Amino acid sequence: MSDVDLKSVEARTLKAEKEAKLIEEELEKLARGDLSFVSDPQLDKLLSENEKLKHRLAILENAIKAESSKGVSKPKKRPTLITDIMSIEGTICVMDELKNIFAIAIELAYPDLDDPPVVITLSGNNPKFGDYQCNSAMPISQLLKAKNVKTNPREVANNILNKTPSSPLVDKVEVAGAGFLNIYLNRTFAEHVLNCILRFGVKPPPVKRNRIVVDFSSPNIAKEMHVGHLRSTIIGDSICRVLEFLNHDVLRINHLGDWGTQFGMLIAHLQEKFPNYKTHSPPISDLQAFYKESKTRFDEDEEFKKRAYLCVVELQSGNPDYTAAWKLICEVSRQEFQKVYDRLDIKIIDRGESFYQSRMDAVVKELKEKGLLEEDEGRLIMWGSAERTGIPLTIVKSGGGYTYDTSDMATIKQRVEEEKCGRFIYVTDVGQYTHFATIDMCARRAGILKNGLKMEHVGFGVVLGEDKKKFKTRSGDTIKLIDLMDEGLRRALDKLVEKGRDKVLTPEELKLAQEAVAYGCIKYADLSHNRINDYIFSFDKMLDDKGNTAVYLLYALTRIQSISRTAQVSLDALLKEAGKTSIKLTHESEWKLGKVLLRFPDVILKVTGDLFLHSLCEYLYEISSTFTEFYDKCYCVEKDKGGNIVKIFYERLMLCEVTARVMTKCFEILGIKTVSKM
Ligand code: ARG
């Protein structure tokens, strides 16, 4: 069936549907009225008409279903390819462009295949296999076999090769082995892109701008911000940074746990212990202890418990005195959290659960009206699907109160309807996976989340100590984040002193290096592991100056930056030289480094999609090891026996500069401060 036919089927279905509805309405009216109508010949006619129409409707609906499951092929829009190197200003995704090139080749070679797979991969380290590969020939030959076409992958590969459009990115394509297409990149193109980075800086690949909410960190008031929140803070911040680099409109939200029953308890305790709290700041700097005291009373003293419940009611209905007490408690907590954010250079907007109080009322009303809530032992619950699978949300507790579930339903509604966001990211431990999956399903059922939109849960594993048990202090207490950071600072300084850096750096430089290493190593250790896995916190490992660690990479960067310095070539001088000459990728190890640097936009786009930051860390490490190889083999500066400079290879200094810039950008996205000396 063609598109036109399908359209007319759709139109007829619509018409039949309308007619059937009209008749049904008519029948309903009759049914409500006089029953003597039942024998009316007019009614009989209507009834049989209605049956016929229903039958026709069913046939048409089936026809549509059959057609759409076949996937009616719409004319495909061909991607536009890059034809002129000069049109590139330094931000080109090689992987994407190759996908476009081969999508066209495959479409030309096999126009009858629906959605044939376009598989492009990096070729790995063996230059025999080219730089990239197109591995579509095998699956396509399978598809053809299923259609009874006799062929083999090698033949398919040759057919694709014959239709491959030429591109300034590609030097040559060869068929190899059983049917691989080996792709060799063009050096002139690569040199041009690197020269652009030298001229314009590291630019983001162009993407469609989106408004994205990232819900991260989100500790709970009056409770300790623990290592789980630290992970959320580090991962969430880095996700924001990569999205901001791509020029998205990012809303960094701290969904603080600042609402709920524990506040009744805290307020009741505060009112009694410090009745003049409004004029004199009470000594609750140790909120933890304060929380514990009130909790003990709550558990032991019935009178107190009653009063605490009353306090919650007062607070939630907006009583100014209670609100003032609550604000004070939140403020004390906030100041503690802020210390962590300041040290880690985290920007975030506080918008706790309390923000949603009136919106929770509204969403509960909406869910009730839509008939989505069910009573269950006094509670009101909501299932993710009509089949009632999984675990339902508790929307209203038996006492009438709201829950974490209610607040997340109100939150997603606010983010869709008021913030008008197009992407919703939540960074919490993997333990909350089911919670967010259920919220997503319920929001979809309620019509809050429509087709293209979904909630993305960025989960991470738990933090373990070196003994692989829960991360605790030696005495078994939970570790305070501030203490952890202080230890990081201490250890970082030890490391720098051990390497004798205190003798070469000024006190200011040493302090900058100490902080960069301390906070950098904590962040990098977290980000460089696959976030899904549990992660072992070990200062010894993260401060190792060998391997994939922040210390090693920060050192590598300062070394690269110092190459020009020892050659006494300033950046200005280097850029002036760039007017006369430009980066050349002649030597094999220059070429290898160049190709790694070229991959930056591809790595960024991958991270933006799957939100796994360890691939960016692996890439950073790969740059630094490829650079080491290059630096071993290629002189940047030639000196005589007396150590005097006899020749400067400006093109190579330029390559060093571009390497440093790409590395710096990676560090920036990871939220790690770099230093020029350490
Ligand atoms: N406060 C929560 C916790 O400590 C995390 C909140 C995450 N965000 C959300 N919208 N539920 O586990």
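The values are calculated or read from the model by the stated rules, or taken from the named source; none is laboratory data. This is a predicted model, so every value here is computed, not measured. Glycine gets a Cβ as well: all are built from the backbone with ideal geometry, and neighbour counts include every protein chain shown. The area values use the complete protein model at the heavy-atom level, side chains included, leaving out ligands, DNA and RNA. Shrake-Rupley method; radii C 1.70, N 1.55, O 1.52, S 1.80 Å.
Quick one: how many lysine pairs in the range 530-607 have C-alpha atoms under 26 angstrom apart, if they're 8 or more apart or on different chains?
11
Given H placed on each backbone N at 1.01 Å, which residues far from Val458 in sequence or on other chains put an amide H within less than 5 Å of it?
Here Tyr426, Val427, Thr428 satisfy the definition.
Would you mind working out the magnitude of the charge dipole of the chain relative to its Cα centre, with +1 at each Lys and Arg C-beta and -1 at each Asp and Glu C-beta, to the nearest 20 Debye?
So the dipole magnitude of the chain works out to roughly 1840 debye.
Take the alpha carbon atoms of the range 496-525, find their center, do the same for the range 342-372, and report the distance between the two centers in whole angstrom.
Taking the Cα centre of the range 342-372 as reference, the centre of the range 496-525 is 41 Å away.
Whose amide H sits under 5 Å from the amide H of Ile395, counting only residues 5 or more places off or on another chain, with H placed in the peptide plane?
Answer set, sorted by chain and number: Leu380, Ile381, Met382.
Between Asp534 and Ala386, how many nm apart are label points set 7 Å from Cα along the C-beta direction?
The modelled label-to-label distance comes out at 4.3 nm.
Please work out the average accessible area per residue across the chain, using the 1.4 Å probe convention, and give it in Å². Please list the in-between numbers first.
Details: 34280 Å² over 678 residues.
With the other protein chains kept in place, the chain gives 51 Å² per residue.
Counting only helical runs of four or more DSSP H residues, what would the 222 nm mean residue ellipticity of the chain come to if each run contributes -39,500 (n - 2.57) and the total is spread over all its residues? Before the final figure, lay out each step's value.
On the way: 24 runs with 369 residues, N = 678.
Only helices count here, giving -18000 deg cm²/dmol.
Using alpha carbon centroids, what distance separates the range 617-676 and the range 226-261, in Å?
After rounding, the separation between the Cα centres reads 33 Å.
Within the accessible area of the range 422-580, what % is carbon and sulfur when the probe is 1.4 Å and the other protein chains stay in place?
Solvent-exposed carbon and sulfur of the range 422-580 make up 52 percent of the total.
With an 8 Å cut-off on Cα pairs and a minimum separation of 6 or more residues, tell me the relative contact order of the chain in percent.
Relative contact order for the chain comes out at 12 percent.
Let me know the charge dipole size of the range 254-363 about its Cα centre in debye, to the nearest 20, where only the beta-carbon of Lys, Arg (+1) and Asp, Glu (-1) is charged.
In debye, rounded to 20, the range 254-363 gives about 220.
Under unit Cβ charges (Lys, Arg +1; Asp, Glu -1), what dipole magnitude, rounded to 20 debye, does the range 386-447 have relative to its Cα centre?
Using only the charged Cβ atoms, the result is roughly 140 debye.
Excluding residues on the same chain fewer than 8 positions from Lys327, give the aspartates and glutamates whose Cα lies under 20 Å from its Cα.
Straight-distance partners of Lys327: Glu224, Asp258, Glu272, Asp286, Glu293, Glu314, Glu336, Asp350, Glu353.
Could you give the distance between the Cα centres of the range 424-493 and the range 288-315, to the whole Å?
Between the Cα centres of the range 424-493 and the range 288-315 lies a distance of 28 Å.
Along the range 645-662, what does the Karplus equation 6.51 cos²θ - 1.76 cosθ + 1.60 (θ = phi - 60°) give for ³J(HN,Hα), rounded to whole Hz, x for Gly and Pro?
Here the 3J(HN,Hα) series is 6, 10, 8, 10, 9, 4, 4, 6, 4, 5, 5, 4, 4, 5, 4, 4, 5, 5 Hz.
Round to the nearest 0.05 the FRET efficiency obtained for Leu571 and Lys468 when R0 = 60 Å and r is the Cβ-Cβ distance.
That gives a FRET efficiency of 0.80.
In the range 94-241, what percent of the accessible surface is made up of carbon and sulfur (1.4 Å probe, ligands and nucleic acids excluded)?
51 percent
Using 10 Å bins from zero, what percent of all Cα-Cα pairs in the range 134-173 falls into each bin?
29, 47, 19, 5
Under 5 Å between amide hydrogens, which residues at least 5 positions from Val463 or on another chain qualify, with H placed 1.01 Å from N in the peptide plane?
Amide H neighbours of Val463: Tyr535.
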